[in-house]
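Notes follow once the structure below has been shown.
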Amino acid sequence: MDQKIEKKKNPTKKIALIALPLLLLGFALWSAFDANQKVRIKKERLRIKTVTKGLFEDMALFNAQVHPLNTLQINTIESGSVKKIYAQNGDIVTEGQLLLELYNPNAELGYLTQETAIIEQINNLRNTRIAIKNQQMLLDRDLIEMTYNYNNAERQYSMDTTLYRKGVISKNDYLKSQETYSFQSKQQQNIKVHVKKEQQDRANQLHLINASITKMEESLEQLRQNKENFIVKAPASGLLSSFNPILGKSYNKSELIGKLDMQDGYKLVLAADEYYFNDVAKGQEAHLEMNDSLYPLFIKNVVAEVVNGKFQVELNFKEKAPKSINQGMTVPVKLYLSKEEKSALLLPKGTFYTSSGGQFVFVLTSDSKALKRSITIGKVNAHFYEVLDGLQAGDRVITSSYNDYKDKDILYLED
């Protein structure tokens, strides 16, 4: 009987049949992934710069606005509505010049009432002073009359004493003359003491009354001066700015109505990015280049408040400002963040930084290919980035924007 012989299966062939599709799938996936990491781009669209070795100048360029060196605020002293306008915005005014006049019926009535009351009090005190002086005149008259009576009594007593000794007059007449003299003597002493005390009291009263009248007259003068507070005058000479009053418009007490720019020089004010906040301090040097001349500056003040990512810096001229400079102009300022210059790898600035945040760049490996490379950037000035790691002198770097291919690793450059 014939026996059926089974064919042996080939395991290698089976593995090959399974592995081949997997390999083809893997290759397809890798090809797709690799294609996603590459991009072709026209070379003419790119900006390419070369990394160099040189001195890094720690400075920054800013646009600064020209402001007057000193400015005075003009405020209302009293509240009221605009009655008259004597000056216009942009006028050159002199100290004491009329700017505008306000009116406030209620305040004016109040001043009038106070003025009337003070004048009435002054008149009352003056009348009291006259009455005291009249009383003093009466006392003086009584003292004169008392002195006259005393002198007559003394003379009569002296005469009667002589006549009594000679027996010309009686003892009764003598004693009567003696009593009269004694009475007038005692009365004179009492009246003198009384008059002296009255004189002291009246002198004190007159001193207090005179002092009160003086104070009231000063108050009255101050009140009349306050009535002048409805007229706003220039506190100094200068250029009138931010001054835009309108007839009939009401202003509160001490409200700002304008500014007076003193014509004694200029300063520069710039808004620096908060990136520089810790690098800027009072006294740092800067300069302005204008009309082929350099004008040295220094930081006078740094406003330690960041608003919308900016903080304010004020700079003064070390010497005279340029003659051609005018208020409101915008000028370029070079601010030195450090006096030291150091050797460093320099990468020219470009818009790539916005896309990469300075963490990577595309470096050309040939005229037709660029690879993504991680880098470390240090300080930044107006023209260069300081490269700390990832590049070397001679490297050619794409410095234009990476927005269209920042997620790619390889760029193929086409002419």
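What follows draws every value from the coordinates through simple rules; no lab data is involved. Keep in mind that what you see is a predicted model, and the values were worked out from it rather than measured. Don't worry about glycine lacking a Cβ; one is built from the backbone with ideal geometry, like all the others, and counts go over all protein chains shown.
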Could you work out how much longer the chain between L163 and I77 gets when fully extended? Use 0.36 nm per residue separation minus the Cα distance between them, nm to one decimal. 22.2 nm
List the residues, sorted by chain then number, that are 5 or more residues from A236 or on another chain and whose placed amide H is less than 5 Å from its amide H. G96
Could you tell me the distance between the Cα centroids of segment 251-273 and segment 95-153, to the nearest Å? 49 Å
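In which sequence would M137, M216 go, from the one with the fewest C-beta neighbours within 10 Å to the one with the most? Don't skip to the end; give the middle numbers.
Details: M137 10, M216 16.
Going from sparsest to densest Cβ surroundings: M137, M216.
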At q = 0.10, 0.17 1/Å the base-10 log of I(q)/I(0) from the Debye formula over the alpha-carbon atoms of segment 106-227 is -0.55, -0.89
Quick one: dipole size for the chain, taken about the Cα centre, charges +1 on Lys/Arg Cβ and -1 on Asp/Glu Cβ, in debye to the nearest 20. 1300 debye
How many angstrom lie between the Cα centre of segment 180-235 and the Cα centre of segment 313-369? 78 Å
Extension gain (nm, one decimal) between V195 and K339, 0.36 nm per residue minus Cα-Cα: 43.0 nm
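Please report, ordered by residue number, every helix of the chain (full DSSP H runs) that is 24 Å or longer along its axis going by C-alpha atoms and whose mean Kyte-Doolittle hydropathy reaches 1.0. Please report the intermediate quantities before stating the final value.
Numbers: long enough: 11-36 (38 Å, 1.13); 105-165 (90 Å, -0.77); 171-226 (81 Å, -1.40).
Result, helices passing both filters: 11-36.
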Hz values of 3J(HN,Hα) by residue in segment 236-248 - Karplus curve (6.51, -1.76, 1.60), Gly and Pro given as x: 7, 8, x, 9, 7, 9, 6, 10, 9, x, 10, 4, x
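Sorting H207, H194, H67, H287 on the 10 Å Cβ count, fewest up front, what's the list? Intermediate values should be presented prior to the final figure.
Working: H207 10, H194 13, H67 16, H287 19.
Fewest-to-most ranking of H207, H194, H67, H287: H207, H194, H67, H287.
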Treat each spin label as a single point 7 Å out from the Cα along the C-beta direction, and report the K171 to I410 distance in nm. 16.4 nm
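Roughly how big is segment 106-227's charge dipole about its Cα centre, with Cβ charges of +1 (Lys, Arg) and -1 (Asp, Glu), in debye to the nearest 20?
Values: 17 positive and 15 negative charges, 133 e Å.
Dipole magnitude for segment 106-227 comes out near 640 debye.
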Cut-off 10 angstrom, C-alpha nodes, Gaussian network model of the chain. Which of T116, T76, T330 fluctuates the most? T116
Positive-end residue, the chain charge dipole about Cα centroid, Cβ charges, pick of S368, Y86, G357: S368
Can you give the longest run of the chain that contains no trypsin sites (Lys or Arg not before Pro) sitting in a DSSP loop with at most 15 other Cβ atoms inside 10 Å? 48-165
With point charges of +1 on the Cβ of Lys and Arg and -1 on the Cβ of Asp and Glu, referenced to the Cα centre of the chain, which listed residue (L61, G167, Q188) lies farthest in the positive direction of the dipole? L61
Residues F311, F298 in order from fewest to most other beta-carbon atoms within 10 Å are F298, F311
